[in-house]
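We did not get these values from a lab; they are worked out from the coordinates using the rules stated. Keep in mind that what you see is a predicted model, and the values were worked out from it rather than measured. Cβ placement follows ideal geometry from the backbone for every residue including glycine, while neighbour counts extend to all protein chains displayed.
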Amino acid sequence: MSEGRGSALIVLTVLMAVVFQGQVTEAATYTVGDSGGWTFNVAGWPRGKTFKAGDVLVFNYGPGAHNVVRVNRAGYRGCSAPSTAKTYQSGSDQIKLAKGRNFFICSLAGHCDAGMKIAVTAT
């Protein structure tokens, strides 16, 4: 290999490393409700935020006072969770966002109807 070709190969390798490094992003972590935590009237909390698939939502609340259930659009609108849905209840739940629409409610009686639900779109 000539010296010119070797230099071009090194430059190409460095350029590819820079390009690939620019495409790798670390998942962000968001605390739902910010300092107020997962509570009533948080439905508007996602507004103005940009979420990506793989980002993590942290739901902070008093254990026993609330829970978190990932539901579909119908469950979100109707404030209902299927009996087979996973219910998070640790008080500090971390849930990874899937690409597209993600819906979460508190399934305790009356909580979702009182605004304890969020819909998050992840790109």
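Can you list residues from other chains, or at least 5 along the same chain, whose modelled amide H is less than 5 Å from the amide H of Phe40?
Counting only residues 5 or more places away or on other chains, the set is empty.
Considering amide H positions built from the backbone, and no H for Pro or chain starts, which residues 5 or more places from Val71, or on another chain, come under 5 Å of its amide H?
Phe103, Phe104, Ile105
For a quick check: sort Arg47, Arg73, Arg101 by the number of other beta carbons within 10 angstrom, fewest at the front.
Fewest to most other Cβ atoms nearby, the residues stand as Arg47, Arg73, Arg101.
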